[in-house]
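Worksheet: one structure, shown below.
Nothing in this text is a laboratory measurement; each read-out follows from the coordinates by a stated rule. The structure displayed is predicted, hence computed values, not measured ones. When we count neighbours, we look across all protein chains shown, and the Cβ atoms used for this are built from the backbone with ideal geometry, even at glycine.
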Amino acid sequence: MAKCQFKKRKGKICSANAQVGKAFCVFHDPAMAAKVQKARQAGGVSRARRVAALAADTPDHPLGNTQDVSALLAVSINQLRRGQLDPRMANAIGYLSSVLLRSLEQGSHEERIAKLEAILGLVTISRDLASESTATNERGVTYDHS
């Protein structure tokens, strides 16, 4: 099969196969230039898909406890199934939800430990602060468990 006769900028010849009965490949054939340009534009348009995302005025979802996070995940799953939410965004929501759940769990553990330490006399509750979430251990170190 014959090679394309198109000369590139640096004088190098195109190495693609020429079309049957022609001197140029489909990309360098002057008669095909309009079709090639149209195909390139169509390819760019089809790849530039719009991401399915929520409207900017969508209210925030409460995320203060595990039930709130579970509700958000349920809503997000249904939006994903309906095509209202981009899969990449849903993936990010799932990841961030797992991080938030671990954080909520850690906070509740710290709160329970502080209460147990106070009950066992290992920590004295600070009288200077009205908050129950702050405790001081026997070394005088103050912990904020809020």
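Tabulated results
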{"quantity": "Radius of gyration and maximum dimension Dmax of region 1-46, Cα, Å", "calculated": "11.9, 34"}
{"quantity": "Sites residue 75 and residue 41 - FRET efficiency at Förster radius 22 Å, r taken between beta-carbons, to 0.05", "calculated": "0.05"}
{"quantity": "Length released on extending from residue 13 to residue 56, taking residue separation times 0.36 nm less the Cα-Cα span", "calculated": "10.2 nm"}
